[in-house]
1. Filtering the range 328-352 down to residues that are acidic (Asp, Glu) and open to solvent by 80 Å² or more (accessible area, probe 1.4 Å), which residue is nearest to the chain's Cα centre (by Cα)?
2. Just to be sure I understand the filter: pairs with C-beta atoms under 6 Å, separated by 6 or more residues or on different chains, first member in the range 150-164 and surrounded by fewer than 17 Cβ atoms within 10 Å (Cβ to Cβ), second member charged (D, E, K, R). Which pairs pass?
3. Just to verify a result, which residue in the range 72-106, among those that are among the polar types (S, T, N, Q) and in a loop (DSSP other than H, G, I, E, B), is nearest to Arg237 (Cα to Cα)?
4. Any chance you could count how many residues in the range 76-98 are surrounded by fewer than 18 Cβ atoms within 10 Å (Cβ to Cβ) and touching a Lys or Arg at 6+ places or on another chain (Cβ under 7 Å)?
5. Identify, please: which residue in the range 285-304 is over 28 Å from Ala182 (Cα atoms) and acidic (Asp, Glu) and is, among those, most open to solvent (accessible area, probe 1.4 Å)?
6. Considering each residue of the range 48-72, count those that are over 30 Å from Gly262 (Cα atoms) and open to solvent by 80 Å² or more (accessible area, probe 1.4 Å), and give that number.
7. Select from the range 330-362 the residues that are of a type outside the set (Asp, Glu), part of a loop (DSSP other than H, G, I, E, B) and within 23 Å of Pro290 (Cα to Cα) and list them in ascending order.
8. Could you check how many residues of the range 265-284 are surrounded by fewer than 22 Cβ atoms within 10 Å (Cβ to Cβ) and under 17 Å from Met312 (Cα atoms)?
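The values are calculated or read from the model by the stated rules, or taken from the named source; none is laboratory data. For clarity, every value in this text was computed on a predicted model and none was experimentally measured. Cβ coordinates were reconstructed from backbone atoms using ideal geometry, including for glycine residues, and neighbour counts include every protein chain displayed. Calculation scope for accessible area: heavy atoms of the full protein, side chains included, ligands and nucleic acids excluded. Shrake-Rupley method; radii C 1.70, N 1.55, O 1.52, S 1.80 Å.
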Amino acid sequence: MTETNPATISTTYADAGVDIEEGARAVDAIKGYVHETYRPEVIGDIGGFGGLFSIAAAKNMADPVLVSGTDGVGTKLKVAQRLGRHDTVGIDLVAMCANDILATGAEPLFFLDYVAVGKLDSTAMAQIVSGIAEGCKQAGCALVGGEMAEHPGVMDPDDYDLSGFCVGIVDRPSMLDPESVAPGDALVGIPSTGIHSNGYSLARKVCIEGASDEELRAPLDELGGMSLLEALLVPTRMYVKAVRSVLDACPGAVRALAHITGGGITENLNRALNGRTDASVALGSWEVPPIVRYVCDRAGLDEDEALKTFNMGLGMILIVDSERVADVKAALKRAGEEGFEVGSVVEGTGAVRYENGGALLP
């Protein structure tokens, strides 16, 4: 009997778990979404070895500075996978990056994504990228490139992960600078849509682990009729256009700003301060969203722990010249956002303090 030499057996890339044809179908499926994000500065099309973007407009700036940021969505993706809805987490991906570079006053220019999947499904990929494209449109930046990587044997077939990369530009004389923050400045908070994209390892542990699909999909009165999965999947709010409209309408009024992400208000607002100032935050001066309150209650978090875990209802905090608070709030309102005066800047060493202890989660 003749034995077959294993070295002579043909094994294709598809046999190893990577489907090149499905990848081509996925590229075709996302082209329309990508094109919808293009700005006039985009050169060429997807499919090249690099995304091209003209920065000719920078020649009108005194000292143009490129600003970059990168982030992901984290374990919120597990909520999307449990619900079977993949067209919103892309918004989170863009918002986490674009809101970050906004903290310098930058205008986001373009975005790139990296999507790793266990097994590529062109339909699911189109849903994911449609969300990324929607996020880019909300931020006003172009989706100029990305990568879809199939990882058989490393990830489960239905699993995926997202990473994003955003580049923006700001004229150095117009940059927001924590060094300009001074005692007497006001804190103006802009509401969040919920948990955004941080704290999901805790949220999943106390709200999802061990729960049945029936329980997770049932409408809850305390969440305004939304199911727990739906409430947890509400995407991160995009602040770019509203805040940039404030910067244009009220030049010099905003000293610095903080994007409230992982670490909550406690560990993000201090990044917008200098070593001579503290932020004094008045608890109870804004509303905590129902889903945030629900998760904190299920986790049994005390106030201090909650404030360094979740955004607690404030996704962005602007540090504003106290004499121009009314102008800033009016500009926010014209942009479709509501601003709350949530505290002030005092002398200090760069820390965040809280007033009215117990008023946040009564």
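1. Going through the range 328-352, the residues acidic (Asp, Glu) turn out to be 337-338, 341, 347.
Filter once more, so that each one left must be open to solvent by 80 Å² or more (accessible area, probe 1.4 Å): 338, 341, 347.
Details: Glu338: 19, Glu341: 23, Glu347: 31 Å.
Ranking the qualifying residues of the range 328-352, first place goes to Glu338.
2. Pro157/Lys119
3. First, pick out the residues of the range 72-106 that are among the polar types (S, T, N, Q): 75, 81, 88, 99, 104.
Retained after the next criterion (residues that are in a loop (DSSP other than H, G, I, E, B)): 75, 88, 104.
On the way: Thr75: 18, Thr88: 11, Thr104: 18 Å.
This residue is Thr88.
4. 1
5. Asp297
6. Matching residues across the range 48-72 total 6.
7. Of the residues in the range 330-362, the ones of a type outside the set (Asp, Glu) are 330-336, 339-340, 342-346, 348-354, 356-362.
The next check asks that each one be part of a loop (DSSP other than H, G, I, E, B); those that pass are 335-336, 339, 348-351, 356-362.
Gly336, Gly339, Asn356, Gly357, Gly358, Ala359, Leu360, Leu361, Pro362, listed by residue number.
8. Number of matching residues: 7.
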